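*Asks:* Have a look at this one.
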Amino acid sequence: MNVSSELVCPNPSKCVGEVTLADGTVLGIRPIRREDEPLVVKFHASLSEQSVYRRYFELLDLATRTRHERLKRICSIDYRREMVVIAEHEGSKGDSGIVGVGRLMKNPEQCEAELAIVVSDGFQRRGIGSRLAEHLIDFAREEHFTALTAMVLFENRPMQKLLVGHGFTFSDTHDGVLEGRLRL
């Protein structure tokens, strides 16, 4: 996976990688780029209503999620404020596609960030979310963050299990949302 020369990445060695899942599937992990917008549209089309609700805590229709103004913000990010990485799968016919997205949104007043992950329905329960979490946690440690947080719906047991497996602890918040925290 080549990184575009126009991409500004605070630590290139932690921004690009390749992972092999337990089933032998090889995925590229890299920062999102401006030219990924059509792939992000395809990715959002692969998400069920349940996956959308678990990620955004509300049902957002496909047109809302894939509006150009919104995707422009997501694909052309300021790496001083956030990090967005994608897991990319190379299909058998040479077609590639995004199968997972992980995001760190930095808190400008503290040396912390909020972690969020969403994986395409057809690729869930294969370890992709865990690999994205590992990648972003390693990046946060290298960038000297002190903690990561994650907001997770109480009903989203798979995400809770994934984050607990990476050292997050949870406390109750309100309206069925748990706050996870990982001290780095």
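*Asks:* Of G102, G167, G24, which has the largest mean-square fluctuation in a 10 Å C-alpha GNM of the chain?
*Replies:* Sorting by GNM fluctuation, first place goes to G24.
*Asks:* Moving on. If I take R0 = 35 Å and measure r between the Cβ atoms of T25 and H174 in this structure, what FRET efficiency does the formula 1/(1 + (r/R0)^6) give, to the nearest 0.05? Display every interim value, and only then the final one.
*Replies:* Details: r = 39 Å, r/R0 = 1.10.
In this case the efficiency is close to 0.35.
*Asks:* Next question, about the same structure. Based on the Cβ-Cβ distance of R80 and D138, what FRET efficiency does E = 1/(1 + (r/R0)^6) give at R0 = 25 Å, to the nearest 0.05?
*Replies:* Working: r = 19 Å, r/R0 = 0.75.
Plugging the Cβ-Cβ distance into 1/(1 + (r/R0)^6) gives 0.85.
*Asks:* On to the next question. In Å, what is the Rg of the alpha-carbon atoms in the chain, and how long is Dmax?
*Replies:* 15.6, 46
*Asks:* First select every other residue whose beta carbon is under 11 angstrom from the beta carbon of E82; then total the charges, Lys and Arg +1, Asp and Glu -1.
*Replies:* Local charge sum for E82: +3.
*Asks:* Moving to a separate point now. Working out 0.36 nm times the residue gap between R34 and L153, then minus their Cα-Cα distance, what length gain in nm do you get to one decimal? The partial results should precede the final answer.
*Replies:* Details: separation 119, 0.36 × 119 = 42.84 nm, distance 3.01 nm.
Extra length available between R34 and L153 comes to 39.8 nm.
*Asks:* Are there any trypsin sites (Lys or Arg not before Pro) in the range 81-184 that are in a DSSP loop and have at most 10 other Cβ atoms within 10 Å? List them by number.
*Replies:* Of the trypsin sites (Lys or Arg not before Pro), the ones in loops of the range 81-184 whose Cβ has at most 10 other Cβ atoms within 10 Å are K93, R125.
*Asks:* Given Cα pairs under 8 Å that are at least 6 residues apart, what percent is the relative contact order of the chain? Before the final figure, lay out each step's value.
*Replies:* On the way: 301 pairs, mean separation 32.8, N = 184.
Contact order relative to length: 18 percent.
*Asks:* Hey, another quick one. Once you've got the GNM for the chain with C-alpha springs shorter than 10 Å, pick whichever of V85, V19, V101 has the biggest mean-square fluctuation.
*Replies:* Maximum among the listed residues: V19.
*Asks:* Which net charge results for the neighbourhood of R183, defined as the other residues with beta-carbon distances under 12 angstrom from its beta-carbon, given Lys and Arg at +1 and Asp and Glu at -1?
*Replies:* Working: positive: R141, R181; negative: E112.
With Lys, Arg at +1 and Asp, Glu at -1, the neighbours total +1.
*Asks:* Using a Gaussian network model on the chain with a 10 Å cutoff between Cα atoms, which of S171, S120, S130 fluctuates the most?
*Replies:* Evaluated over the chain, the most mobile residue of the options is S171.
*Asks:* Pull up the DSSP beta bridges for the chain and report the antiparallel fraction as a percent, rounded to 5. Could the numbers behind the result be given before it?
*Replies:* Values: 37 of 40 bridges.
Approximately 90 percent, going by the DSSP bridge assignments.
Read-outs: derived from the displayed coordinates by stated rules, not from any lab. Please read these numbers as outputs of a predicted model, since none were measured by experiment. Positions of Cβ are generated from backbone atoms using ideal geometry, with glycine treated the same way; all protein chains shown enter the neighbour counts.
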